[in-house]
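Following: one structure in structure tokens, then a few remarks.
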Amino acid sequence: MVSVSGITPSGRLTLGNHLGALRRFGADSAGDDFYFVADLHAMTTKHDPRRLARLTREAATLMLAAGLPPGSVFIQSAVPAHAQLAYLLECTSYVGELSRMIQYKEKGNGRPMTRASLFTYPCLMAADILLYGAEKVPVGGDQDQHVELARDIAIRFNREYGETFVVPQLEKAKQAARVRDLATPTAKMDKSAPDDAIGTIRLLDPPDVIRRQVMRAVTDSGDEVRHDYEQKPGVTNLLEILAACTDGDAVELATAYSSYGQLKTDVAEAVLAVIEPLQKRYADLATDQAELDSILAAGRDRAIEAAQPRLRAALHAMGLNG
Ligand code: ATP
Ligand code: MG
């Protein structure tokens, strides 16, 4: 089964990105998948070109460090078919359905200076998925609505223009679908948070910084360790993180703790046990930039070849025969 998924280089990658996405890609990958750094998606809000280039490379290196097969990793903008198919899909999508996307409503917030690409983002994401005939799309919970839309777009295209695309399945995360911010545990941990946001654990931060962040995590009133998102969002987030890092069950883990302090110490150690090996592999890969270039070039060439037949079929189906 072919899986396709991407990570947007809109900031330095977080623990949420690893537990909700990266780590799952690596675990499942049979070598026939497509994992990309979604640099085109990082331009839907104001961006700095140099920072984007740096973050793109960092994200690609982290994907490889997380264990993805080298041939499956590439950079989205290096494969022109993504933008080409996205335009065709914009021509099959409706303003009404795009306006309903939560991410657009939250990030655009009705402001006239919102980039048009933020509005059409789900069409590019649908293209990312449909180009490769993805059967599975492993993403964190915040992307469910976009994957549902990609399914709707594929079904509509096939009905109106003839059978062209595989209709993908959403693959929901079983664990860590939504890692929360450590300082504001009612909100998702986002990599586009400001660089100095204390509630965001960055995968490449020094271990002592990460340990300190966990120890400073906001907890809730009282001192009972209980899994309860409504009454105890901070503690529950820590339990969820601990469960994801140790492959345990968050509700069961709660019964083992009688104080917040011990829970935090164990969370910090569990997080570092996941992050430190990743940082080591990252450092090894980063020492040879020429090798990295050639890995990414091979990934790009494979993706270009794989994307071509479906792009051509879609063009022809819509009457574009030039
Ligand atoms: P941004 O703030 O730019 O939206 P992000 O942290 O949400 O960044 P994305 O590039 O949008 O990251 O998503 C990459 C992958 O990581 C997606 O599969 C997404 O569902 C997953 N993901 C992102 N944040 C979390 C989180 N806090 N918990 C679990 N999964 C997450
Ligand atoms: Mg996001």
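The values are calculated or read from the model by the stated rules, or taken from the named source; none is laboratory data. Note that this is a predicted model, so its numbers are computed, not measured. Note that each Cβ is placed from the backbone with ideal geometry, even for glycine, and that neighbours are counted across all protein chains shown.
A few remarks follow.
- Only one of the numbered conditions (1) within 14 Å of ligand 1 (Cβ to nearest atom); (2) part of a loop (DSSP other than H, G, I, E, B); (3) in contact with a Gly (Cβ under 6 Å, 6 or more places away or on another chain) is not met by THR114, and that is (1).
- Taking the listed residues THR186, THR236, the one that is away from ligand 2 (no atom under 16 Å from the Cβ), among the hydroxyl-bearing types (Ser, Thr, Tyr) and either in contact (Cβ under 8 Å) with a residue 60 or more places away in the chain or over 25 Å from LYS107 (Cα atoms) (or both) is THR236, with no other qualifying.
- Only listed residue being more than 16 Å from ligand 2 (Cβ to nearest atom) and either assigned to a helix (DSSP H, G or I) or more than 20 Å from GLN289 (Cα to Cα) (or both), chosen from HIS18, HIS82, HIS41, HIS47: HIS82
- Cβ-Cβ distances below 9 Å connect the following pairs, each with a first residue in the range 140-161 that is touching a residue at least 12 places away in the same chain (Cβ under 8 Å) and of a type in the set (Gly, Ala, Ser), a second residue that is within 13 Å of ligand 2 (Cβ to nearest atom) and in a helix (DSSP H, G or I), and a separation of six or more residues or different chains: GLY140/GLY16; GLY140/ASN17; GLY140/GLY20; GLY140/ALA21; GLY141/GLY20; ALA150/PRO122; ALA150/MET125.
- For ALA317: the one exception among (1) closer than 23 Å to PHE36 by Cβ; (2) touching a residue at least 60 places away in the same chain (Cβ under 8 Å); (3) touching a helix residue (DSSP H, G or I) at 6+ places or on another chain (Cβ under 9 Å): (1)
- Pick from the range 119-146, criterion within 13 Å of ligand 2 (Cβ to nearest atom) and more than 20 Å from MET189 (Cα to Cα), ranking: nearest to the chain's Cα centre (by Cα): MET125
- Identification of helices (runs of 4 or more DSSP H) wholly contained in the range 157-265 with 1 or more residues that are small (Gly, Ala, Ser) and touching a helix residue (DSSP H, G or I) at 6+ places or on another chain (Cβ under 9 Å) yields 233-246, 250-254.
- Qualifying residue in the range 303-316 (condition: in contact with a strand residue (DSSP E or B) (Cβ under 9 Å, 6 or more places away or on another chain) and within 23 Å of ALA66 (Cα to Cα)): yes
- Residue check for ASP32: modelled with pLDDT of 95 or more, surrounded by fewer than 21 Cβ atoms within 10 Å (Cβ to Cβ) and either farther than 24 Å from CYS123 by Cβ or not aromatic (Phe, Trp, Tyr) (or both): no
- Residues located in the range 182-210, provided they are crowded, with 19+ Cβ neighbours inside 10 Å and within 16 Å of the chain's Cα centre (by Cα): MET189, LYS191, ALA193, THR200, ILE201, ARG202, LEU203
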